[in-house]
Structure formats: structure tokens, C-alpha cells
Amino acid sequence: MSSNAIIFAIVFLAAMALFAWSSFRRFRLVALGRPEDRFSDLLKRLGGMLVYAFAQRRVLSRPFGLNHFVLFWCFLILFLANTEFLFGGLFPDYVSLSRLPDGAYHTLAFIFDVVSALALLAVVVAFIRRAAFASPHIGGLSRDAVTILSLVAILMIAFFGLHGGKIALGSEPAAYMPVSGFVAGAFFSGASAGSLAGYINFFWWLHAIVLLGFLNYLPYSKHMHILTAVPNCFFRNLSRVKILPREEFKKGNTFGVGQVNEFTWKGLFDSYSCTECGRCSDACPATFTGKPLDPRLVIHDIKMNLLKNGPLIARKKTPVLPLIGDDKEGSIAEEVLWECTTCGACVEVCPVFIEHFPRIIDMRRYLVEMHAKFPEELLTLFDNMEQRSNPWGIAPAERVKWAVDIEVKPFEADKTEYLFFVGCAGAFDARTRRTTVALAQILEASGVSWGILGRDELCCGDSLRRLGNEFVFDNMARENIKLFADRGIKKVITQCPHCYSTLKNDYRQYGAELEVIHHSELIAHLIQEGRLKLDGAGDLGRVVFHDSCYLGRHNMIYEAPRKVITSATGQEPTEMARHHAKSFCCGAGGGRMWMEEPIGKHINVARVEEALEKDPETICVCCPYCMIMFEDGLKDKGVTEKVKVLDLAEVAARALK
Amino acid sequence: MTEEKRVKKPRGVARLIPGKCIACGARCQSACPKDAIEMNEKGEPIILVEKCISCRKCLKVCPADALEIYFTPEERKILAEMEARAKAAAAEAEKMSAEEAALLAKLKEYRGVWVFVEQIAGEPAEVSWELLGVGADLARTLGVELCSVVIGDKVEGLCYESFAYGATKSYLIDDPVFHYYRTEPYYKAICYLVEKYKPEIMLMGATGLGRDLAGAVATKLQTGLTADCTGLAIGENRNLLQTRPAFGGNIMATILTERTRPQMATVRPHVMPMPKKDPSRRGEIVRESVPIREDDIAVKVLEVIDERKAGEVDVAAAEVIVSGGRGMCAKENFSILQELADELGGVVGCSRGAVEAGWMPAERQVGQTGKTVRPKLYIACGISGAIQHLVGMQQSDIIVAINRDRHAPIFEVANYGIVGDVLEVVPALTNRIRELRAKEGTGGHRG
Amino acid sequence: MLVVACVKQVPDTTQVEVDPTTGTLKREGVPFIMNPFDIHALEESLRLKDRYGLRAVVVSMGPPSTEVTLRKALALGADEAVLLSDRAFGGADTLATSLVLAEAIRRLDEREEVAVVVCGRQTIDGDTAQVGPGIATRLGYSQLTLVDRIDEVDLRARKVRARRKVGGWHETVEAPLPAMIAVVREINRPRYPTVPRRLMAEEATIALWNNEVMKLDENKIGLKGSATQVRRIFSPERAKGEILGDGLSNPEEAAHLLIGKLIEKDILYL
Ligand SMILES: Cc1cc2nc3c(=O)[nH]c(=O)nc-3n(C[C@H](O)[C@@H](O)[C@@H](O)COP(=O)(O)OP(=O)(O)OC[C@H]3O[C@@H](n4cnc5c(N)ncnc54)[C@H](O)[C@@H]3O)c2cc1C
Ligand code: SF4
Ligand code: SF4
Ligand code: SF4
Ligand code: SF4
């Protein structure tokens, strides 16, 4: 072993030890989290990992995504080159590409050379992008970004310096390394052998030091995602709907998350995986309308809190930084937690499958269940839900008022096929009652066997669950499921995506296997089967369609409502700027319906403005909350004379033959 | 085996008539001598037929007539046959027990209708005069005197005023101890008078002061007190028939105080008509004094603030609310609501839409995420009546809706609706009130 | 020392409907709740507990099912709950009710001194506002009704200073302890129970005092001890949904009609 190799071995071992130590210190904190099973269905996980981590599907779908894709693959390929480099440094006499058969050696040399050039190019593009086209949420040229990009650039330059020198010296074949060959020609052509050796030595050490430095910098920067992103894609939540697990209401338990180690290990690992790309912030309706909530910062704060408190918690000491409370880095203000509409846009776009809003609900649970702390307005909601099983506290007798003018049958086991779960808004809200009637007409017209629970119907509890009042939700869910079982109900039609998702997904956690159908699916199905004949609801003008979060993103129902509109009006609906999975929330979900919105622009107004850009005459929605939000937004804009909001059922009912 | 038995008068058993029980608080159970009644969790009786002796006690006490004696058809047949014979026996049952006779004799000692004249700092509450109006009718029917009770510090003038409103006698206790209203000296003074002069009826205003005082007096005297009566009349045995709302105004109940005297009732202001004032009427003043010294009274009034002048607006506590919504069109238009509210002695509230538009501050917002209000009168102007608003004001006593759109949901909850333009209707309302007041020569609303 | 809150379980009258044809109350499915005014009374007692380290006891007279309401009170923070339930207590008017409550408070006082009794202003079913004054009079406590702020409780000097809201007036009074304070709704914003407290309350024992414990004269309690008797019940006539005049073409006429109605209904006084 040469003295050079010995020095390097020392440097290398020290660097690796340091890296191992830093990594251990960080990852051991993840183990503080609560257990959670993320090992099921390994094949599906691997598949997803390939598609999302290696093929970078979500990354590619955005501008500059290609640049990241290039960088990512350059990194993977150069990982090989760098391994060879490091081991070559340790064992210069044994490890070297040139010991491979010529064909392989030349191919690899060529690939490494070209890929390095590509990487350098990508770094330059990234620099320019951050300097010139930074999206508002990624912070432009942050110190972290400059550091990392510079390190990568230096690494590439060192690579070319090293190989250029070698080529000039004749120890490497120029023909297979076009870029390094060019460098050799341009910079080293006149140099003496002695000075070339000096250059080579310099670039070799530069490369080595920067490489090891880079490695050691990773655990301390957002580029930790280089280490965590791929496993995070592997451990992602496989179910479409991100519902939190049930809680066990036993004396002595704590509820929700008030201290960072009460998240599951995956919740913590998520925070290490954030690339700070800002996609979630761009998509978030709260961030978009100028509210303090920024999903990226929530994840960032969890990470910072873990780094600060984790070591203390590991040593059984009291944490110093509250997870919820302060406005400081590493702490999340209470107000922020209440701003989330649980629309799921953040989760939808995150390239590394971080789950933001479930963490927010974790913390809401803590505030509500452990401390009974929540915005004032929610007290009425919580009491009404618990005492009267509806958000407004209206007498159950009024649940049947919508049916004054039409004949409605109660659901009878074995006789009736579908329960029409009218929902609280459908029963009490004067506007939504019109939707209820329209849907009833459609059901009648197509000969569906249906019935209602009438005054015995209870609220599904959606808002409570999203607001973190799991205790009361739990009671309501069990009551509802018992009611369904007692009445022999197996198939349920809902007109509200929130009822839909709750009955279908949340209640499954309670063992309820209901066949739940949203009216959009049902109407589309009836049309397809020829049981429902529609005859052009011609007077609607241009129709824009709004995807409800709990129908679209949460439950992937996108096409059914569009088909219904097309059948009913004879033309396809116009799409807003953001639609399908990228749809923008109306502002009512996640219990936001029951709270004031004092900060920033109103979300519903923002969405209404987006709809108005398309100059519609009709806005078609599929959800009672969206209905209220859009109608309010139109009133705010003063355009109720020109534009109307209709529910899908109303659109279809207008076209009834 | 029934066939072998000799014919016996069928007794039947008590039975609940479905839907009629109001869950009054288990009067029937309490009345049943045989413990034959259990209450279910809805507060309704379950009759244990094997224990019931059909004594009918539960039927008698049930205020809702929710119980009946049930006979099977066969039993009914036998019953019909026996009816004739039974008639003769019935007369006998009318006999009065000695106990009841003693009670009646005791009740006879009490004569006269009294009205307590409420005052703060010498200023009388108008409800007292209203009570003299209805008291005069009662006294006439009973053939007794109508007396006023005046207690305070330098309040003799109120005795004369009470004569002008129909009293013929006035009991006066005038002492600096009574300068401020405090429960203890006042109730002691009244109890003293009642024990000495024994009235059969005692009326008070259902004001803050009146309710505070009446509750104490009735408890001390161990007599019945009926709150918030809307109707008073004399029934059989000189009993006062006191009619009042209960269950949040969903039902009316007629209440009797049969076995104790005086029969006490409170009446809300403005429920009874104001009698005509005749300053020429005179009456007799009975001066009394009670041995209560300031040192004996531990309760001290430290400070009295007249909030009516402080200009602090609390929609949640207001008795009259004039509310505006998006239909008001502009911030300036809220001034016409304020004018109407001033005439009605109320405050201006609003819907979320008006807050949103920046026309009104958030504290005035009524609804799900704003204040919940229960005023006597709620006038919704240009408010569509979205559910989020309705839940905050639905419990108002009277709801008036003014809206251009006949189909606005607000009309579903309104007692009175005007389909029209708020900007025309509201000023018309204000003008009408002013016009009528100008005619009457009155100053307007007084609390 | 104790602070005692008196709460009543009542049918949720906002859900009671009157059948327009038969005039009877439709109570089907109407739940029993803690009297809304008493939630504020309980809250105020809990605040006194927090402020002065008193022990908070909640008492209620009612049928055995009242237990649910008492558990809610425990979940909200009361330290102890007493249920006064006996068939002999049933059918009581305010006179008989206040006797049972007052005697219960006296029993509590024998064990540990009572400083303050907090009542709601009134109930939503009986709606009389008489029970609070009844309790105060029977026990000889200072009586403070319509209280919208408790400024100070001085346990040493045995005094309480509070603000009463009488009509348009605010009156600050000082009274000796023990005192019965009946509070208005505006006095506070009630708290919400935490889950650990709810779970605790579910298992807590509630003292049941029937008349074997209380040993009260049967002629003074329940229906027998009531001075008032409810004789007849009927439903009030109601004006619902009347459109007055044609406000679009003749706003003046519509206004005249409305003002007429308001005067007739004793809402407007000239
Ligand atoms: C239709 C009808 C009309 C009635 N009218 C009268 C009447 O005019 N006069 C009359 O004397 N009675 C009347 N009663 C009986 C009365 O309503 C009772 O139920 C009585 O027990 C309680 O009075 P309240 O509900 O009005 O209480 P309120 O006096 O309004 O209650 C004030 C406070 O006292 C406390 N409190 C009251 N009841 C209890 C309890 N059971 N346990 C613990 N704390 C309690 C609470 O803190 C409450 O907020 C009537 C009953 C009915 C059904
Ligand atoms: S769920 Fe929606 S509102 Fe909540 S943080 Fe994510 S994007 Fe924002
Ligand atoms: S949480 Fe996901 S979407 Fe948001 S910044 Fe981090 S990586 Fe990007
Ligand atoms: S009739 Fe008499 S014995 Fe029978 S339930 Fe009624 S009170 Fe009891
Ligand atoms: S007395 Fe009548 S109203 Fe009262 S509980 Fe019994 S049946 Fe019901």
C-alpha cells in the first residue's frame, strides 16, 4: 500500500465512521416512533418503488421534473463510478475499472464520462431554475441548495480534471471519454508529465474530499432524501384513502399526538424524506390563500422537533420544544392545525409519498381529546353532533321535511334494495333538499328499489373524525353500524362525498362491509344500463365541473360525474384550470365548514374565481358542502344572476324524460 | 276458570294513551299508592297491571290527560249493566273528609288580591300597573279588595300612583334599609305583611327583581308560586287559574295552588294590558314597619351602573334584533336598520354575508359560527336564511322576514314575512312606528 | 370547602314538537340533556374550583337516568356527583324540589363546609327560575340571582363579590358566604370534556341518595309536597308563516300590517 493510500484509508475510514455515526444518530430517533405495519404486500411496495422512486413518476409530472430525473439517474450511475473510485483509492493495486475486459471497461468509461457531463448540465439548469424561476415555496437559492449544487458541480469538475489529466498523460484512452478527452485537449495539452501528475493528484484528492464531504453533509441537509426517498416510496401507504387508525378508549391511554415520538415511525421517517420541493405547498388551498398553514413546513417542523427533542426523549428526559404551540421552527402553531381542509392535495403531489394531513389530524386529536382545545365555533358543532347527531342541532323530526311533496318509503329489510342515506345537509339545508328531491326523482324514474331511514338517520360523523374528535366519532360510528345491521342494510346510496367516504372507508375499520355508492356513480350506471333516459338539459349553458376532494382525490371517482353531465347536456363539461387529481378544494372539508376563516383570502372565493375564468353559466358540483361554498362564493362575487350552481342530480333530473 | 267465578265489578287497569305523556316529572308514579308505576327512560310511565288497583290517582294528577282506565270488551259489558246501581252510590262519595274541611277553613282566613309594586330608585316598573289591571278583575270576581304593596325608601308617592291604577288600599313600608333592592329585607318585609293581613292572591312582575323576590317569599311562606303567567282567572273554590307556557313555549299549562295561601304568581311585563290611569282615585294607606336594621343585612350593593347608556352592544342578550344580510346591498344601508332597531329598543345584528362583505363587525354575526340568539323579536332583512344562519336565530319568539325572493328559505321559519325590497320596507316600518307614536304622544320603548 | 352546582336533566325542548291536530307533544326520540343554563352553572362552579381550590360537587334530583347527566358533569371536571332519586321525589314543583336540594346541600355541608351553591338561571322545561331562590331561602344563604360575573370569593373574610344583571342595570354586590348564586348564560363559555376525563367519569361512582338516606317528611316532597298542581295542558296557537300584504308593489301597506301584528302580539309598545 502506498503512503497515499494509507493517508486516504485513514481519511476514508474517518469519513465513513463519521457518516455512520451521523446516520445512526438520526435514524435511531425514528425508532422512537410508535409501531406501524408497513411491510405488507411486499410486491406491490417494490412495484411502487420502481415506478415512483426509480421512474420518478410524480417528479416527472411537473416542470423541471426531467432535470431531477436526470440528476437522479446520474447519481445512481455515478454511484458505481464513485464506489470504484473510493475502493480504487484504498486498494489502488487491486481495484480499477481498467482491470475489466476492454469492452466493459470502455463502455463504462464512456457512460461515466457522458453521465458526469449530463449531471453537470443538470446542476447548471438547477442553478438557473432556482435563481430565475423559483416557485414561491422552494425558497430559491437557499444556502442548502447552493452548497449541495456546488458540491455536485465541484465533484463533476474534479472528475473531468482527473480524467482529463489521465488522458493527457496517456494513462487512459481518450477515445472512450469524449468529455474528459475534450478537457485534456483544452486544458492539459501543453503540460509536462510532472505537472500533469500534480494536477491528477490534486483533482483526485479534490474528488475524494468533496465526495466524502458530500456524504457527511447529507444527513444534515434536506438532501437526506437521497438516502430516505427510495425507502419512503417503498414504505408508502398503499391504501388510497388516508384514514387514521382507530383509537382505543381505555383508561390510562393518551390520545392523538402531542409529542413527536407519539407519531408512528413512518410519520417520523416521512419528515426525513422531504425534498423540500414545495409541491405540497403549491397545491395546498390554505397556503395558496395566504394562511399560515404550509404542509411542507408542518413536515419540516416535525423533523426539526424530532432532531431537537428526540435525543432527550431517548434519554427519558423532558422535551424542550413543544410540538404544538410555538411559532418557532420545530413547533407548529395551533391555528395552523385548524386550517387544513384535509383535501389531500399535498399527499397527492408529494413525490416521496409523505402524508401531511394525517399528521395534522393526529395533532388535532391531541388538542381535542387531551386538552379540549379548539376554535370556539366548534363547541356548538361538537355538542350538536353528540346530542342531536347533526351538525346544526336541528330536531330529528325535521329529517323528513324534504319529502313533503313526494312520496317516500321507509327502508324495509329484504324488501328494499338500497338505503338512500340522505345526509344531514340533504335533510336540513333548504338548498341541498332540492338535490335530495332531484335524486329521489331519478331513483323513481329508473325504478330503483330504495327507501330512507327518515328521522332515525344519524350523522355519519365525517366532520368529527377530520377534526380529531375521535371519541365522539367512535360512538357515532358504532351507533350507525348497529343501526345498519339492525335494519338489514347492505347497499347505501349517498349524495354527499363525505358520507360516502365515511361509510365506505372509515366504517370499514369497524368491520362494516357496506356497498356504498355515490349518486354520481349510480346515475352514470343507470344511464349506461339504459334504465335512465336523459333528454338534454339544454338550458344550462356552459357547464364547468368541480371535483370534490372526497370524491376525486380520496376515492378516485372522476369520470362518472363527467359522463352524467355529458349525457344530460349533450356536451362534455368544461374543465377548470385545476381538475381531476389536481382539483382545488372548495374550502369546506376537514371540518372547515364549521369554522370561520379569518386569515387570508377565502378558499371558496379563490375556487369560484377559477371557475369564473371559464365563463360558465352553470357550475356543477357533487357535494352539499361544495354547493354551499360555491353559492356563497358567487354571492361574494355578486354574480348570482349570471351563474348558478347545480348538483349533478339536479342536472340529471332536468334532463329526465 | 274465569267462567266459574261470580260476577264481580271489573276494575280495569290504568293505561297510558300513546303519545300524550309529556314526561312531566313522574307525577303519576308519585301519586300511585301501590307502586304500580315504573318510569321508562323517556320519562313515561309503565303500568304494572298486576299491581294496579285502578284507584285513578294517577289519572287525576296527570296534567296531560295521558292516562285512562282500560277495560276489556267483556268487562265493559258487565260494567254497563252495573252502571245503574253504581249511580246511587256515587252521591255518597261526595262526602267531605274532616281533614279537607279543616283545610278549607284555614284557606278562608285569606282574603284580598295584592300586587307588589316594583321600583328601582323610586322609579316604578310598569308591569306593576299592568298587574293592578288584571288584579282588579280578579278582586271584582272574588268580591274582595285590590291592594298594592309598596316597599322602598321615600316611595309614598307610589301608593297614590297605585290608587290611580285601581288599588283601593296600599300597604307601605318606607325605610332607608329598602333603598337598594336586596332579597333578604324585602322578602322578610313581605312575609311580615302577608302573615299579618293574609291575602289570598299575590301578584308580582316576572322581572329580574320580581322573580328573585317571589321565589324567596313563596319558599318562606311554603306556598305555591306560578311563574310567567300569561293568563289569570278565578275558577271553582275561589282558586286562581294560572296559565303559563312551559317546555320552551311548546305547551301551555293551567296551574292551581289549591291547598296553600296566598296563591302567588308572576307575570311578564307587557303581557297584561295597561289599565287606564285615573289620578282622581283615592285609597287608604296602611303604614307598617319591620324591625330590620341596616346592620342586620350583610348583603351590600357596592355599585349600580346603567348599561343602557354605556352603548355596549351584546346581540346574544338583546330582546329585539334587526338583522341585515347580503340583501342590504351596501354598508350605508345598515343605518336604516339601526333606525328601526332604535325605535324597537333593539340592536342590529347580521348574517355572515354582511361580515364577509365588510359591512358589519364579526361580533354582530348570528349563526352557526357566530352568536346564538333568542330574542323576543328577530327581524331578518335581506337574509336568505341559509341553514348556517337559521340555527343561530330559530329559537326567537317571533321571526319577521323581509326579502325580495318569495322562495328564500328564511320564510320557512318566519312568523311574518314581507316579500319586498328591504330598502323600501324597513324605512316604511320605522316611519309607521314614529307616526303612531306621534299620534299617541308617547316616547317609545321602555324596558 | 365545597362549591355545589345544581343541575337538572331536561327533555331537549328545542326538539319537542306539538302535533298540530291532536295538540299533544311529540317526544319520540327527544333526548334528555343537561339543562343548558345549568351547563353554565356547572362551568362557573368548576372555575371557582380552579380559582380557589374548592371541591366541586354536583347534585341533581331526578329519575335514575339522570346518572347520564351527572357523568357528563364529572367528565367536565366535577369531583363528586350526588343523585337524588326516589319515587317519592317525583312530580315535585319548585317548593318540593328546593326542599330536597336544600336538604342534600345541608347533608353535604355537615361533611364538608359549603361555600357557594351555583344554580342555573332557569330550566328549559319548567322554566320558573324559582328553585335557586328556594334553596337560598331554605338554607339561609345569601341569594344572588342573575349573576353575570363573580368578581371574587374571599374564603377568609367569608365574602363574595359579584355582578348582577338586572334589566338594563348592572349591580355589583357583596354578600357573606355561604351564598346561592344563580347565573345567566352570558357568564361564561362552558368547557368541553377531555377524553381521559370522560373515561374516568364512565367508571366513577355516583352517590345515590333516596329518601331512605334523606329521611324527609313524605308530605313535604314530591307530588304531595307540591303547593302547585298542574291541571290542564294544551298547546298554544301559533302564527307560522304568514305573508303580509304585497311588499313589492305596496311596501307601506305591508309595513302597516306588520306593525299592527307586532302591537297585537305585545312585541311593540307605543
Ligand atoms: C307544565 C309545567 C308547568 C310547571 N309550572 C310550575 C310553576 O308554575 N311553579 C312551580 O313551582 N312548579 C312548576 N312546575 C314544576 C317545575 O317545573 C318542576 O319541575 C320543578 O321541580 C323545577 O322547577 P324548574 O324546572 O322550573 O327549575 P328552575 O327554578 O327554573 O331552575 C333553576 C335552577 O335550579 C336548579 N334545579 C332545578 N331543578 C333541579 C333539579 N331537579 N335538580 C338539581 N337542580 C335543579 C338548576 O340549577 C336550575 O337551573 C311545572 C311543571 C310542568 C310540567
Ligand atoms: S390536506 Fe389540503 S389543506 Fe390540508 S395541508 Fe394538505 S393540501 Fe393543505
Ligand atoms: S412534503 Fe413532499 S411535496 Fe412537500 S416539499 Fe416535501 S417532498 Fe415536496
Ligand atoms: S290507577 Fe292507581 S294503582 Fe293503578 S297505576 Fe294509577 S295510581 Fe297506581
Ligand atoms: S303524569 Fe302524565 S304526563 Fe306525567 S309522566 Fe305520568 S303520564 Fe306522563
Subject >> Total formal charge among the other residues, if their Cβ is under 12 angstrom from that of A:Leu218, Lys/Arg +1 and Asp/Glu -1 >> reply: +1
Original post:
If you keep only loop residues by DSSP, which trypsin sites (Lys or Arg not before Pro) in the stretch C:195-238 have at most 13 other Cβ atoms within 10 Å of their Cβ?
Top reply: C:Lys215, C:Arg238
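Answer rounded, prolate or oblate for the stretch C:37-130, using the Cα gyration tensor with square roots of eigenvalues a ≥ b ≥ c: rounded when a/c is under 1.5, else prolate when a/b is larger than b/c, else oblate.
Prolate, because a/c is 1.5 or more and a/b exceeds b/c.
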Original post:
What does the charge dipole of chain A about its Cα centre add up to, to the nearest 20 debye, if the Cβ of each Lys and Arg holds +1 and the Cβ of each Asp and Glu holds -1?
Top reply: 1180
Original post:
What lysines could a cross-link reach from B:Lys169, if we take a straight Cα to Cα line under 21 Å and drop same-chain neighbours fewer than 8 places away?
Top reply: B:Lys108, B:Lys154, B:Lys188, B:Lys196, B:Lys198, B:Lys276, B:Lys277
Subject >> Kirkwood Rh in Å, taken over chain C so that all alpha-carbon pairs contribute >> reply: 20.5
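For the stretch B:178-286, which trypsin sites (Lys or Arg not before Pro) are both in a DSSP coil and crowded by at most 10 other Cβ atoms within 10 Å?
B:Lys276, B:Arg282
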Original post:
To the nearest 10 degrees, how steeply does helix A:225-234 sit against the main Cα axis of chain A, on a 0 to 90 scale?
Top reply: 40
Original post:
How do B:Val144, B:Val177 line up, fewest other C-beta atoms within 10 Å first?
Top reply: B:Val144, B:Val177
**OP:** Do me a favour and compute the ellipsoid semi-axes for chain A from its Cα gyration tensor, root of five times each eigenvalue, largest one first, whole Å.
**Re:** 57, 28, 21
Original post:
Within the stretch A:443-575, how many lysine pairs that are 8 or more places apart, or on different chains, have C-alpha atoms less than 20 Å apart?
Top reply: 6
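Find out how many positive minus negative residues lie around A:Gly590, taking Lys and Arg as positive, Asp and Glu as negative, among other residues whose Cβ is under 11 Å from that of A:Gly590.
+2
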Original post:
What's the average, rounded to a whole number, of partner chain beta-carbon atoms within 10 Å of each residue's beta-carbon in C:83-89?
Top reply: 2
**OP:** Counting only C-alpha contacts under 8 Å and six or more residues apart, can you give the relative contact order of chain C as a whole percent?
**Re:** 22
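Report for chain B the percent antiparallel among DSSP-assigned beta bridges with both residues inside it, nearest 5.
If we restrict to bridges inside chain B, about 30 percent are antiparallel.
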**OP:** Take every DSSP beta bridge with both residues inside the protein assembly as shown and express the antiparallel ones as a percent of the total, to the nearest 5.
**Re:** 35
Original post:
So what's the angle, to the nearest 10 degrees on a 0 to 90 scale, between helix A:470-487 and the longest Cα principal axis of chain A?
Top reply: 50
**OP:** At 4 °C and 1.567 mPa s, grab the translational diffusion coefficient of the protein assembly as shown from Stokes-Einstein with a Kirkwood Rh over Cα pairs, rounded to a whole number in µm² per second.
**Re:** 35
Subject >> Span from the the stretch A:459-494 Cα centroid across to the the stretch B:12-39 one, whole angstrom >> reply: 36
Subject >> Ratio Rg/Rh [Cα only; Rh per Kirkwood] for the stretch A:58-118 >> reply: 1.12
Subject >> Between 0 and 90°, nearest 10: helix A:3-30 axis offset from chain A longest Cα axis >> reply: 10
**OP:** Compute the relative contact order of the stretch B:153-269 as a whole-number percentage, counting only Cα pairs closer than 8 Å that sit 6 or more residues apart in sequence.
**Re:** 25
**OP:** For the protein assembly as shown, give the magnitude of the charge dipole about the Cα centre (Cβ charges: +1 Lys/Arg, -1 Asp/Glu; no others), in debye to the nearest 20.
**Re:** 2060
Original post:
Roughly how compact is the stretch B:269-364, stated as its Cα Rg over 2.2 N^0.38 Å to two decimals?
Top reply: 1.82
**OP:** Averaging sequence separations of C-alpha pairs under 8 Å and six or more residues apart, then dividing by the length of chain A, give the relative contact order as a whole percent.
**Re:** 12
**OP:** Restricting things to alpha carbons, tell me how big the stretch A:471-607 is in terms of Rg and Dmax, in Å.
**Re:** 17.4, 49
**OP:** For the stretch C:119-142 and the stretch C:155-225, compute the distance between their C-alpha centroids and round to whole Å.
**Re:** 10
Subject >> Positive dipole terminus of the protein assembly as shown, leading residue within C:Thr194, C:Ile259, A:Phe182 (C-beta point charges) >> reply: A:Phe182
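Would you please give the FRET efficiency between B:Lys60 and A:Lys401, computed as 1/(1 + (r/R0)^6) with r the Cβ-Cβ distance and R0 = 56 Å, to the nearest 0.05?
Working: r = 38 Å, r/R0 = 0.68.
The calculated FRET efficiency here is 0.90.
For the stretch A:260-371, what mean projected area does the convex hull of the alpha carbons give, in nm²?
Taking a quarter of the hull surface, the average projection is 6.5 nm².
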Original post:
Between B:Arg406 and C:Ile263, what FRET efficiency follows from the Cβ-Cβ distance if R0 is 25 Å, with the result rounded to 0.05?
Top reply: 0.45
**OP:** Can you spot the aspartates and glutamates whose alpha carbon is less than 12 Å from A:Lys250's alpha carbon? Ignore those fewer than 8 places along the same chain.
**Re:** C:Glu202, C:Glu203
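For the stretch A:563-657, give the magnitude of the charge dipole about the Cα centre (Cβ charges: +1 Lys/Arg, -1 Asp/Glu; no others), in debye to the nearest 20. Mind dumping the intermediate values first?
Working: 13 positive and 15 negative charges, 50 e Å.
Roughly 240 debye, rounded to the nearest 20.
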Subject >> Cleavage-rule hits (trypsin sites (Lys or Arg not before Pro)) in the stretch C:78-183: DSSP loop, at most 12 neighbouring Cβ within 10 angstrom >> reply: C:Arg156
Subject >> Share of alpha-carbon pairs per 20 Å distance bin for chain B, given as whole % >> reply: 19, 40, 32, 8, 0
Original post:
Computed from the mean reciprocal separation of all distinct C-alpha pairs, what Kirkwood hydrodynamic radius does the stretch B:309-440 have, in Å?
Top reply: 14.3
Original post:
What nm value, rounded to one decimal, do you get for the distance between B:Arg76 and A:Val124 when each label is placed 7 Å out toward the C-beta?
Top reply: 10.5
Original post:
If you take the charge dipole of the protein assembly as shown about its Cα centre, with +1 on Lys and Arg Cβ and -1 on Asp and Glu Cβ, which of A:Leu656, A:Ala153, B:Ile22 is farthest toward its positive end?
Top reply: A:Ala153
Original post:
At 20 °C and 1.002 mPa s, what whole-number value in µm²/s does Stokes-Einstein give for the translational diffusion of the stretch A:1-87, with Rh from the Kirkwood sum over Cα pairs?
Top reply: 128
Subject >> 15 Å beta-carbon shell around B:Glu156, net charge (K/R +1, D/E -1) >> reply: -3
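Read-outs: derived from the displayed coordinates by stated rules, not from any lab. It should be emphasised that the depicted structure is a prediction, and the values quoted were computed from it without experimental measurement. Don't worry about glycine lacking a Cβ; one is built from the backbone with ideal geometry, like all the others, and counts go over all protein chains shown.
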